[in-house]
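Every read-out reported here was derived from the displayed coordinates using simple, explicitly stated rules and does not represent laboratory data. Note that the structure is a prediction, hence the values are computed from the model and not measured. Note: ideal-geometry Cβ built from the backbone for every residue, glycine included; neighbour counts use all protein chains shown.
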Amino acid sequence: MTSATVHASAVLVGARAVLIRGPSGAGKSRLARELIDAGRHNGFGFARLVGDDRVHLEAAGGRLLVRPAGALAGLLEIRGLGLIRLDHEPIAVVGLVVDLDAADAERLPAPDRQNTEISGVVLPRLAVAAEAAALPAVLAHLISGRQKAQI
């Protein structure tokens, strides 16, 4: 079992969490809030905060688990407003890694660049360029994953 606390945010969307990484100011908290709002207001499906700013990752049984960092559990930062309290999930299985402001983001990435490995667990990865809107790409990825699972 490998574990670490990392600078990232995570949102449970359906049965799997989206782990959002990127440099400070890249929009991790904003994307987390947009995913939660998409679930609440756009009928996309269940979406709830796991953690914002810092999360704890743990590899167990071939899966990557994510938990909120203790003191930050249930808190989400909104720039210009501060911290707000939200319902949150205490633990989730990561199903997608989103890298914001990714230097290696490509319009049509090769299949071998669409995965990443964290603590020995290989996960789908979506690299988003600095100037790109992340939410549409993440929603498209999640929807295409659901369609594949139903086939």
Amide hydrogen neighbours beyond the local backbone of residue 102, cut-off 5 Å, H modeled: 128, 129, 130
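Can you compute the helix-only [θ] at 222 nm over the chain? Use -39500 (n - 2.57) per DSSP H run of at least 4 residues, normalise by all residues, nearest 500 deg cm²/dmol.
-7000 deg cm²/dmol
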Rel. contact order, % - alpha carbon contacts under 8 angstrom, at least six apart, the chain: 23 percent
Computed E for residue 106/residue 143 - FRET, C-beta separation, R0 25 angstrom, nearest 0.05: 0.75
Inter-probe distance in nm under a simple model that places probes 7 Å from Cα toward Cβ, at residue 6 and residue 122: 1.7 nm
Computed label-point distance, nm, for sites residue 63 and residue 37 using a 7 Å Cα→Cβ extension: 3.0 nm
Pairwise centroid distance, computed over Cα atoms, of segment 69-100 with segment 23-48, Å: 10 Å
Peptides ranked, highest mean first, by Cβ atoms within 10 Å: ranges 134-143, 6-15: 6-15, 134-143
